[in-house]
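Chemist: Below: one structure in structure tokens.
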Amino acid sequence: DGGITQSPKYLFRKEGQNVTLSCEQNLNHDAMYWYRQDPGQGLRLIYYSQIVNDFQKGDIAEGYSVSREKKESFPLTVTSAQKNPTAFYLCASSIGGDNQPQHFGDGTRLSIL
Amino acid sequence: AQKITQTQPGMFVQEKEAVTLDCTYDTSDQSYGLFWYKQPSSGEMIFLIYQGSYDEQNATEGRYSLNFQKARKSANLVISASQLGDSAMYFCAMKRRFNKFYFGSGTKLNVKP
């Protein structure tokens with residue numbers, strides 16, 4: 001079954017610690033995205049990548065970093081510089097064409113210990 | 001600049017009745033796609049329906065239909081015969097050039113028995 005896998009489902013971060021959220025897709029999609037969602041709010045774009053070895057900052061990139069070394073993988077690192085990381089993080093992918101939707105993973109809930 | 005506007009933070013509907021969720025968008029592109037997603041309390045994003053900017057007919061998918069008024073730049077979602085399982089957050093999204101997506105702030109729909 002093709003899809004997007006995010007892991008872990010729940011993650012806890014200590015003060016001053018970097019943590020990495022995994023996102024893997026087997027849909028052969030070129031574009032991948034990371035969103036942050038706070039309770040009761042909409043999705044805010046953190047980073048997105050159109051192709052391997054290339055990525056662009058979204059609206060709230062500060063305190064986050066990404067890499068795109070393989071087409072199927074787009075990990076997100078939440079650094080210690082992100083002072084308020086508690087949120088729900090969604091990874092998505094898409095293929096070109098106006099009629100192609102984004103496909104989403106099931107999300108990772110990150111909390112501060 | 002806000003590109004997708006959902007003006008209804010929350011709505012109630014009686015079971016078996018129809019409900020319309022509003023969405024307006026802003027773009028100068030000629031070619032774009034409009035999407036609606038459902039997000040249950042569990043967090044996953046479920047793609048519901050798509051409308052292309054060049055489509056002359058309104059899209060329909062089962063109980064979902066999209067009321068597309070291009071001149072008004074609106075893409076309202078209509079859910080017919082509401083069910084209890086329709087209670088969720090609903091997001092309107094627009095896809096523009098370079099696989100870039102823009103999301104509205106969402107509407108929380110509560111279906112009353």
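Chemist: How many residues does region B:69-107 hold that are outside any strand (DSSP E or B), over 10 Å from the mean Cα position of the chain (by Cα) and not acidic (Asp, Glu)? Even if it seems obvious, please write down each step before you answer.
Modeler: Of the residues in region B:69-107, the ones outside any strand (DSSP E or B) are B:70-73, B:80-87, B:97-99, B:104-106.
Pick out the ones that are also over 10 Å from the mean Cα position of the chain (by Cα) and you get B:70-73, B:80-87, B:97-99, B:105.
Next cut, not acidic (Asp, Glu) only: B:70-73, B:80-85, B:87, B:97-99, B:105.
Residues meeting the conditions: 15.
Chemist: Counting only residues that are within 15 Å of A:Arg36 (Cα to Cα) and assigned to a loop (DSSP other than H, G, I, E, B), how many does region A:75-101 have?
Modeler: Adding up the residues that qualify gives 7.
Chemist: Right, another one. B:Asn110 versus (1) in a loop (DSSP other than H, G, I, E, B); (2) over 13 Å from the mean Cα position of the chain (by Cα); (3) over 16 Å from B:Thr5 (Cβ atoms): which is the lone unmet condition?
Modeler: It fails just one condition, (1).
Chemist: Any residue at all in region B:7-20 that's crowded, with 16+ Cβ neighbours inside 10 Å, closer than 30 Å to A:Thr5 by Cβ and of a type outside the set (Gly, Ala, Ser)?
Modeler: No; the residues of region B:7-20 include none that is crowded, with 16+ Cβ neighbours inside 10 Å, closer than 30 Å to A:Thr5 by Cβ and of a type outside the set (Gly, Ala, Ser).
Chemist: With the requirement that a residue be among the hydroxyl-bearing types (Ser, Thr, Tyr) and either under 14 Å from A:Gly105 (Cβ atoms) or away from every other protein chain (no Cβ under 12 Å) (or both), what does region A:35-59 give you? Talk me through it step by step, then tell me what you get.
Modeler: In the first step, residues of region A:35-59 are kept if they are among the hydroxyl-bearing types (Ser, Thr, Tyr); the result is A:35, A:47-49.
Listed by number, the residues that qualify are A:Tyr35, A:Tyr47.
Chemist: Name the single residue, out of those in region B:49-68 being away from chain A (no Cβ under 14 Å) and of a type in the set (Ser, Thr, Tyr), that is nearest to the chain's Cα centre (by Cα).
Modeler: Looking at residues that are away from chain A (no Cβ under 14 Å) and of a type in the set (Ser, Thr, Tyr), I get B:Ser65.
Chemist: Still on this structure, please answer the following. Yes or no: B:Thr27 surrounded by 13 or more Cβ atoms within 10 Å (Cβ to Cβ), in contact with a Ser or Thr (Cβ under 9 Å, 6 or more places away or on another chain) and touching a residue at least 24 places away in the same chain (Cβ under 8 Å)?
Modeler: Values: surrounded by 13 or more Cβ atoms within 10 Å (Cβ to Cβ): yes; in contact with a Ser or Thr (Cβ under 9 Å, 6 or more places away or on another chain): yes; touching a residue at least 24 places away in the same chain (Cβ under 8 Å): yes.
So B:Thr27 fits the description; yes.
Chemist: Next question, about the same structure. Would region A:102-110 turn up any residue that is surrounded by fewer than 18 Cβ atoms within 10 Å (Cβ to Cβ), more than 9 Å from chain B (Cβ to nearest Cβ) and within 26 Å of B:Met89 (Cβ to Cβ)? Full working, then the answer.
Modeler: Step one: filter region A:102-110 for residues surrounded by fewer than 18 Cβ atoms within 10 Å (Cβ to Cβ), giving A:106, A:109.
If we keep only those that are more than 9 Å from chain B (Cβ to nearest Cβ) as well, we get none.
No, region A:102-110 has no match at all.
Chemist: A further question follows. If a residue has to be polar (S, T, N, Q) and on the phi > 0 side of the Ramachandran plot to count, how many in region A:1-46 make the cut?
Modeler: Here is the first cut: in region A:1-46, the ones polar (S, T, N, Q) are A:5-7, A:17-18, A:20, A:22, A:25-26, A:28, A:37, A:41.
If we keep only those that are on the phi > 0 side of the Ramachandran plot as well, we get A:28.
The number of residues fulfilling the criteria is 1.
Chemist: In region B:40-54, how many are part of a strand (DSSP E or B) and hydroxyl-bearing (Ser, Thr, Tyr)?
Modeler: Kept after step one, since they are part of a strand (DSSP E or B), are these residues of region B:40-54: B:46-52.
From what's left, hydroxyl-bearing (Ser, Thr, Tyr): B:50.
Looking only at that region, the number is 1.
Chemist: Anything in region A:63-99 that is within 14 Å of another protein chain (Cβ to nearest Cβ), without any contact (Cβ under 8 Å) to a residue 24 or more places away in the chain and surrounded by fewer than 18 Cβ atoms within 10 Å (Cβ to Cβ)? List them, or say none.
Modeler: A:Gly97, A:Asn99 - these are the residues of region A:63-99 that are within 14 Å of another protein chain (Cβ to nearest Cβ), without any contact (Cβ under 8 Å) to a residue 24 or more places away in the chain and surrounded by fewer than 18 Cβ atoms within 10 Å (Cβ to Cβ).
Chemist: Kindly provide the set of residues from region A:25-74 that are of a type in the set (A, V, I, L, M, F, W, C) and either closer than 30 Å to B:Asn110 by Cβ or in a strand (DSSP E or B) (or both), ordered by number. Show your work before the answer.
Modeler: Looking only at region A:25-74, we keep the residues that are of a type in the set (A, V, I, L, M, F, W, C), and these are A:27, A:31-32, A:34, A:43, A:45-46, A:51-52, A:55, A:60-61, A:66, A:74.
A:Ala31, A:Met32, A:Trp34, A:Leu43, A:Leu45, A:Ile46, A:Ile60, A:Val66 - these are the residues of region A:25-74 that are of a type in the set (A, V, I, L, M, F, W, C) and either closer than 30 Å to B:Asn110 by Cβ or in a strand (DSSP E or B) (or both).
Chemist: Here's something else I'd like to know. Say we look at region B:79-95 and pick out the residues that are surrounded by 18 or more Cβ atoms within 10 Å (Cβ to Cβ) and in contact with an Asp or Glu (Cβ under 8 Å, 6 or more places away or on another chain); which of these is farthest from the other protein chains (Cβ to nearest Cβ)?
Modeler: Applying the filter and picking the extreme gives B:Ser82.
Chemist: Do you know which residues across region B:12-39 are assigned to a strand (DSSP E or B) and either within 10 Å of chain A (Cβ to nearest Cβ) or touching an Asp or Glu at 6+ places or on another chain (Cβ under 9 Å) (or both)?
Modeler: Of the residues in region B:12-39, the ones assigned to a strand (DSSP E or B) are B:12-14, B:19-21, B:24-25, B:33-39.
Those that are assigned to a strand (DSSP E or B) and either within 10 Å of chain A (Cβ to nearest Cβ) or touching an Asp or Glu at 6+ places or on another chain (Cβ under 9 Å) (or both): B:Val13, B:Val19, B:Gly33, B:Leu34, B:Phe35, B:Trp36, B:Tyr37, B:Lys38, B:Gln39.
Chemist: Kindly check whether there is at least one residue in region A:17-34 that is among the polar types (S, T, N, Q), surrounded by fewer than 15 Cβ atoms within 10 Å (Cβ to Cβ), more than 9 Å from every other protein chain (Cβ to nearest Cβ) and within 25 Å of B:Ile49 (Cα to Cα).
Modeler: So far as region A:17-34 goes, yes, one or more of its residues are among the polar types (S, T, N, Q), surrounded by fewer than 15 Cβ atoms within 10 Å (Cβ to Cβ), more than 9 Å from every other protein chain (Cβ to nearest Cβ) and within 25 Å of B:Ile49 (Cα to Cα).
Read the figures in this text as sums done on the coordinates, not as results from a lab. None of these values were measured; they are calculated from a predicted model. Methodologically, a virtual Cβ is constructed for each residue, glycine included, from the backbone with ideal geometry; neighbour enumeration extends over all protein chains shown.
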